[in-house]
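Peer 1: Have a look at this one.
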Amino acid sequence: MTGEPCQCSDCQRFYKEHDRLIREFPTFKQQQELNWASIQSFRTLCSKVTQELQRQLSERESKEDINLGEKHISDIEITETLDELESVNAYLYSIEALMERIFDTKISNKIELKFKEIADQLAPDPLNIDRLILNRLFHQTPDFPDKKSIN
């Protein structure tokens, strides 16, 4: 295993999102709030989809013209998905319980400043002019040709 980060497109998207979240929410309190909101929105969405799938399945089962032995693949898919979503919701409730413990943690403003400082080091702004210049030095681009002596 190398020390280099994975370069596949999924990992690259993850790294970009990871860095963006650090840049946009660089304090302990902001990370607490972001994670709480993320879990709550995921739980809300999963719950609403679960309710809609249950309603859809119930409506299909209530129709008398469907024989019990002729279950449609979509009904089976809905049933399997409902089982999975129930598990996801249980996991999200567990994460929520853990997050409540994290919210009990309070830190001083001086430490919040340390969080911001470290966030700038971990995920510097990719559009920062100093970073763009540095990237050009490491990677030749058409607007910054190789330094060759012209005599």
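Peer 1: Taking the condition under 19 Å from Ala119 (Cα atoms) and either part of a helix (DSSP H, G or I) or modelled with pLDDT of 95 or more (or both), does Glu33 pass? Steps first, please.
Peer 2: On the way: under 19 Å from Ala119 (Cα atoms): yes; either part of a helix (DSSP H, G or I) or modelled with pLDDT of 95 or more (or both): yes.
Spelling it out, Glu33 is indeed under 19 Å from Ala119 (Cα atoms) and either part of a helix (DSSP H, G or I) or modelled with pLDDT of 95 or more (or both).
Peer 1: Give the residues of the range 1-22 that are in a helix (DSSP H, G or I) and exposed (fewer than 15 other Cβ atoms within 10 Å of the Cβ), sorted by residue number.
Peer 2: First, the residues of the range 1-22 that are in a helix (DSSP H, G or I): 9-22.
Matches in the range 1-22: Ser9, Asp10, Cys11, Gln12, Arg13, Phe14, Tyr15, Lys16, Glu17, His18, Arg20.
A quick yes/no check of all residues on (1) surrounded by 12 or more Cβ atoms within 10 Å (Cβ to Cβ); (2) among the β-branched types (Val, Ile, Thr); (3) modelled with pLDDT of 80 or more; (4) in a helix (DSSP H, G or I):
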| position | (1), (2), (3), (4) |
| --- | --- |
| Ala119 | yes, no, yes, yes |
| Pro124 | yes, no, yes, no |
| Arg136 | yes, no, no, yes |
| Lys148 | no, no, no, no |
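Peer 1: Given the condition outside any helix (DSSP H, G or I) and either modelled with pLDDT under 90 or surrounded by 12 or more Cβ atoms within 10 Å (Cβ to Cβ) (or both), answer yes or no: does some residue in the range 96-106 qualify? Please lay out each step first, then the result.
Peer 2: The first filter runs over the range 96-106 and keeps only residues outside any helix (DSSP H, G or I), leaving 104-106.
Of the ones still in play, those that are also either modelled with pLDDT under 90 or surrounded by 12 or more Cβ atoms within 10 Å (Cβ to Cβ) (or both) are none.
Looking for residues that are outside any helix (DSSP H, G or I) and either modelled with pLDDT under 90 or surrounded by 12 or more Cβ atoms within 10 Å (Cβ to Cβ) (or both), one finds none in the range 96-106, hence no.
Peer 1: Of all residues in the range 107-117, count the ones that are modelled with pLDDT of 95 or more and assigned to a loop (DSSP other than H, G, I, E, B).
Peer 2: 1
Peer 1: In the range 1-31, how many residues are touching a residue at least 60 places away in the same chain (Cβ under 8 Å) and farther than 23 Å from Pro124 by Cβ?
Peer 2: 0
Peer 1: Mind listing whichever residues of the range 50-80 are part of a helix (DSSP H, G or I) and at pLDDT below 80?
Peer 2: First, pick out the residues of the range 50-80 that are part of a helix (DSSP H, G or I): 50-62, 73-80.
Matches in the range 50-80: Glu61, Ser62, Ile73.
The values are calculated or read from the model by the stated rules, or taken from the named source; none is laboratory data. Source: prediction; values computed, not measured. Note: ideal-geometry Cβ built from the backbone for every residue, glycine included; neighbour counts use all protein chains shown.
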